[in-house]
Every structure is written in structure tokens, then in C-alpha cells.
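The values are calculated or read from the model by the stated rules, or taken from the named source; none is laboratory data. All figures in this text were calculated on a predicted structure; none of them were measured in a lab. Using ideal geometry, Cβ is built from the backbone for each residue, glycine included, and neighbour counts are taken over all protein chains shown. Calculation scope for accessible area: heavy atoms of the full protein, side chains included, ligands and nucleic acids excluded. Shrake-Rupley method; radii C 1.70, N 1.55, O 1.52, S 1.80 Å.
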Amino acid sequence: MNIRKIAVNTGGGDAPGLNAVIRAVTLSALRLGWEVVGIRQGYVGLLNMTPEEGLIPLTRDSVRGILNQGGTILGTTNHGNPFEYPVNKNGEIVAVDRSDEIIEAFRRHGFDALVAIGGDGSLEIANRLCRKGIPVVGVPKTIDNDLSATLLTFGFDTAVATATDALDKLHSTAESHSRVMVVETMGRTTGWIALHAGISGSADVILIPEIPFNIEKVCESIRKRDQMGRHYSIVVAAEGAMPAGGQVRTKGKKEIGSEIRLGGIAEWLAEEIAARTGKETRFLVLGHLQRGGGPSSFDRLMALRFGTAAVRFLAEGQSGVMVAFQPPMLLPVPIEEAVAERKRVPLDSDTIATANSLGICMGTHCICE
Ligand code: F6P
């Protein structure tokens, strides 16, 4: 593969470190003498914008000073799947396959390859484009850390730090008021953020989708703490957590080309806990705060390593692969492998054992058991 010009895009929800990857891809590609162009908002810049609006030439100057910035200078969207593009037909939104337009635009603009920075949805799209003839290397992005084949995705560490900071702050107000505080973290159907932040932030109860919970055990733990003189409790619930035999809570309707939004478990838990324990209870949904702000130094370094590795893999002739962190190496793994299934917290993981050993209630046993 003789590369002279590559495109870069960012798709799906934003995550701290996206700009660091863009900078890494740009600087390392420029060193190889390649031209680098950013596509705005996933693929929207090629489908619904003029080239002047939709394409950003990436140079040393345009990526200066962005390493520590949150968000993405290219913009992103989770409604821009070209294979299921939402189009208004006579007042009704229908899904249209516009992928051929992407292939044609790639040829027209002389792009030899694509670095797709995204989570499972965006990487799946990139892989389908790869099968249609576009050489692709993917970079694993998501605060959820739910991509298979890589130990970590960039953005996760920063999200955990933000959630941990929130838990630290909530402790003093919970204790002052002798209240139960229920905190909802993101993570979709996995509990990585809730588990890591919950342990780091000294939560008393951590509820994750991988371990359906028993509400009575949660309440028993809170009552037990009360008896021990701890009149407050901090409960962390992943947005995908659910009671055994229950269902995940969602918001609104599924829109074309995107996934249904999750949310509402903290509010439900707060009502149940208040009713069952008689304790004053409040809830807080951390929401998009977890995606905001600049990347931690760990995520910056991961993002720079991922971005430069993506360019190296392209230069070696790799395609249809994602850069995977398999310590101590960054390896090219087939994108199919990374998106085949969500990486969930293994029940036999050392992190869950840590929570258990610390006496944190994981929703199945009271802290007294
Ligand atoms: O995948 C990242 C993520 O932040 C999830 O944790 C969350 O469920 C979802 O995106 C929220 O998406 P949106 O930005 O569309 O509300």
C-alpha cells in the first residue's frame, strides 16, 4: 500500500484524549511525508457538508496545543452511521445506506487510508467500509472501557478520576446530613467505571450490570452501617445495573443509527432505599461530566501511543485492524475481534475480589454476611 494522504475521524460519544490521538496521528504521519485530513463529525463531513466545511487539513499548526484539551477538534456524532443514515422522507425519519457515497468521496479526495477513532459502533462502521475497499486502522476510544481485545481504551482513566473526585466530594455532605447518596455512573452495559471509581472513592455499595443485585441486601448493608454508627452511605450504580430478574432502565426511544440511552437506576434506587430504610436519600447522575475535561496524564500517554501506533501499522501495510493494548505491547488485532462482544467485568477479576475483601456490598450480600 503506497500511502500519500490519510483521513482521520472521530465517531460516537466524545472521550478525553481524542485530541491527543489526532495530534499523534498527524505528527507521526507528517513525519512519513503523508498528508493528513480530518473529517468533521464522523462521516457527516463527507456526506452533508461542502469540502471547505467538512474537511480540515491537519498540519503541525492545527494540532498545536490540543494535547491536553477535552472533546475533539473534528467534532463527533452518534447519529452518523453511513450504512443507516437518518434521512427525512416526507416527514418521516428513515435509514438510508449512504456508504457508497463515502467510498466515492474517499476516491475523489485521494484518501489512501482512514484512521478511525471510535468505540464499538464506530469501529464496526469503519470495518464495513474497510470491506468495501478503504484501508482502515482503528483506535479504541470509550470511557466505558468495553472494547474486547484491548486491556484499556483511552478516556476510561479520566472518567474514573472524575467519578472518584465526585465521590470524594459527596462523602462530606452525605456524612453531614446522615444521608444515603446514590451516584449513577456511565458505562452502558458494563460496570468498569462504577467498579473502579466506586472502590477508589470508598463507596459502601457498588452495583454493576455484571452482578444483578438484590435491593434488600443493599438496604440491609445500609441499615447495618447505621447500627455501626455510620449514619451515611454512598451507593454507586452503573447506568446498566439492574435488580436480579429486572431490566435495565432506559430513557426515550431508540433513534435510527444510534443505541437506546440508558439511565434512571439511581433515581429508582434512591426511592427504594428511602422507602425501605427510612433514611433520607438523594441521587446524582454524573452523566456527561464523565466525558468532559482534559485527559489525565495516563490517558494522554495512551492516546499518543495509540495514535502513533495506528500510523505505524498503516505504514506496515496493516488494514482492518484496531490498535490493542496488550501490555506491554500495542498490537494490531482484527477489528472483528474487538467489536464481536462487549468486554464485561470478569466476575473472577481481582478488582471484584478487592471490593469483596474491603467489605463493599456488591448487591448480592449484606456487608454483615
Ligand atoms: O459510550 C459512552 C457513553 O458515554 C455511555 O457511557 C453512555 O451510555 C452514552 O455514551 C451516552 O450517550 P449520549 O452522549 O448519546 O447521551
Condition first: more than 16 Å from the ligand (Cβ to nearest atom) and among the polar types (S, T, N, Q). Now tell me which residues in the stretch 1-49 satisfy that.
Asn2, Asn9, Asn19, Thr26, Ser28, Asn48
Among the residues of the stretch 228-247 satisfying the criterion of being within 27 Å of Leu123 (Cβ to Cβ) and out of contact with any Asp or Glu (no Cβ under 8 Å at 6 or more places or on another chain), which is farthest from the ligand (Cβ to nearest atom)?
Met242
Failed criterion for Leu152 (all others in (1) in contact (Cβ under 8 Å) with a residue 24 or more places away in the chain; (2) open to solvent by 10 Å² or more (accessible area, probe 1.4 Å); (3) assigned to a helix (DSSP H, G or I) hold)
(3)
In the set Leu46, Leu30, Leu74, Leu55, which member is open to solvent by less than 40 Å² (accessible area, probe 1.4 Å) and touching a Ser or Thr at 6+ places or on another chain (Cβ under 8 Å)?
Leu74
Residue tally, condition crowded, with 20+ Cβ neighbours inside 10 Å and either in contact with a Leu (Cβ under 7 Å, 6 or more places away or on another chain) or among the charged types (D, E, K, R) (or both), over the stretch 250-263
0
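Regarding Gly110, is this residue over 16 Å from Arg40 (Cα atoms) and either at pLDDT below 95 or under 17 Å from the mean Cα position of the chain (by Cα) (or both)? Steps first, answer last, please.
Working: over 16 Å from Arg40 (Cα atoms): yes; either at pLDDT below 95 or under 17 Å from the mean Cα position of the chain (by Cα) (or both): no.
Judged against the criteria, Gly110 is not a match.
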Where residues in the stretch 101-128 are among the small types (Gly, Ala, Ser) and open to solvent by less than 10 Å² (accessible area, probe 1.4 Å), which of them is nearest to Asn9 (Cα to Cα)?
Ala116
Where residues in the stretch 77-100 are open to solvent by less than 50 Å² (accessible area, probe 1.4 Å) and in a loop (DSSP other than H, G, I, E, B), which of them is nearest to the ligand (Cβ to nearest atom)?
Thr77
Just checking, does the stretch 131-141 include any residue being of a type outside the set (Gly, Ala, Ser), in contact with a His (Cβ under 9 Å, 6 or more places away or on another chain) and either part of a helix (DSSP H, G or I) or buried (at least 24 other Cβ atoms within 10 Å of the Cβ) (or both)?
no
How many of the residues making up the stretch 149-185 are within 16 Å of the ligand (Cβ to nearest atom), out of contact with any strand residue (DSSP E or B) (no Cβ under 9 Å at 6 or more places or on another chain) and among the small types (Gly, Ala, Ser)?
1
Among the numbered conditions (1) touching a residue at least 60 places away in the same chain (Cβ under 8 Å); (2) away from the ligand (no atom under 16 Å from the Cβ), tell me where Ile103 comes up short.
(1)
